[in-house]
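Down below is the structure, laid out as structure tokens.
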Amino acid sequence: MRDWLAEHRAQLIALAVVLALFATPVIMLLWMTAVPGRGWSGPLPPLTADEAELARRLRTHVEAIGKAPHNLGHPEALERAARYLEGVLASGGYAVVRQPFDEGRARNLEVTIEPADPRAPTLVIGAHYDSAFTAPGANDNGSGTAAVLELARRLADLRGKASRRIRLVLFVNEEPPFFQTERMGSLVYAHALRGRGEPVEAMFSLETLGCYSDAPGSQRYPFPPSLLYPGTGNFVAFVGTLGSRALVRRATADFRRHARFPSEGGAAPALIQGVDWSDHWSFEQLGYPAIMVTDTAPFRYRFYHDTQDTPDKLDYPRLARVVAGLEQVIRHWNQGAAR
């Protein structure tokens, strides 16, 4: 046996190298995409009365801001959208904080649920409210914006009681030509947090949440996620870069624990198409754990960045289920003492 091993040593080394070259990417892919818990499968349960009302409210918000292009190229519509958002938040008893920038042409909007302990860390829940180019932006990102508005309303009872400071923020200038530049609203906001030394525990970016389909083949992906994820676009996804893998795993597990809705999760290098295509990118630039919660619109929604991205295209009952699930994730996050 010893003589045989000596005689075939070179071939065995070559075989081991080949196996390692093939096995390592597979192991890495499984490591990146492994998340705890089991997502909901099978028919969705009937909407509760609360979820039906939530769906109605979400549609009202999307219809208010997602009927026409609204960005710095369409400043009057952008101003109308901002004023609508301010009015909704103020009607919930919040003091709306404006963060103007870009020579006053743009502004982020923030409301805060203050914690029981002023030394508590911060959880940021955000979405951009500008649309891309000439798109009305109902799904991108009227859906995420509406979700933030409704989370602010539904979580208002935590004011003064939460174990975290919850900042609910609506960003502007997420879309091109500002995307991943110093003029991106979420990066301006993240720099302000860093400047005052605020301890940010996590950031959730709510990005395109209104498109779902039970049709086989309705979901597509870039390589290599296409090897592992389902081909039916009926789920919500929790996505982050490798630096936020722990946050992806925790958020996905919490959602699966509390929501009766299909979900997927995974972390991947930023070079994978779509992984950092939202406001979580800004927070990761400053070292904050941050993820995107999304319907993966670029790989599912045929009206992405299109003039046909209008309010009638969204699935409001499923959007309501997702928002209700996210509410429970945030409530669970705020149980007990800060970590």
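The values are calculated or read from the model by the stated rules, or taken from the named source; none is laboratory data. Quick caveat, the model's predicted, so the values are computed rather than measured. Every residue, glycine as well, gets a Cβ built from its backbone with ideal geometry; the counts of neighbours run over all protein chains shown. Please note that ligands, DNA and RNA were not included when accessible areas were found on the heavy atoms of the full protein model with its side chains. Shrake-Rupley method; radii C 1.70, N 1.55, O 1.52, S 1.80 Å.
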The simple spin-label model distance between ASP50 and ALA246, using points 7 Å out along Cα→Cβ, in nm, is 3.1 nm
Packing-ranked peptide list from 188-194, 178-184, 134-140, 263-269, highest mean Cβ count within 10 angstrom first, is 134-140, 263-269, 188-194, 178-184
Of all DSSP beta bridges having both residues in the chain, the percent classed as antiparallel (nearest 5) is 40 percent
Share of accessible surface on carbon and sulfur in the chain, whole %, 1.4 Å probe and ligands ignored, is 58 percent
Contour minus Cα-Cα span, ASP214 to GLU79, at 0.36 nm per residue, comes to 44.9 nm
Note to self: C-alpha centroids of the stretch 34-55 and the stretch 228-290 sit apart, in Å, by 18 Å
Nearest 10, in degrees from 0 to 90: the angle of helix 49-65 to the longest Cα principal axis of the chain is 80 degrees
In whole Å, largest first, the alpha carbons of the chain cover along the principal axes 84, 46, 42
Taking Cα atoms, the helix 75-91 axis meets the longest principal axis of the chain at an angle in degrees (rounded to 10) of 80 degrees
Between the Cα axis of helix 316-333 and the main Cα principal axis of the chain, the angle (0 to 90°, nearest 10) is 80 degrees
If the chain between GLN335 and SER91 were fully extended at 0.36 nm per residue, the gain over the current Cα-Cα distance would be 85.2 nm
Extension length gain for GLU103 and ARG260 (0.36 nm per residue less Cα distance), in nm, is 52.0 nm
accessible surface per residue for the chain, probe 1.4 Å, DNA/RNA/ligands not counted, whole Å² -> 44 Å²
With every protein chain kept in place and a 1.4 Å probe, the residues ARG107, ARG159 fall, from largest accessible area down, as ARG159, ARG107
Rounded to the nearest Å, the spacing of the alpha-carbon centers of the stretch 74-88 and the stretch 95-171 is 14 Å
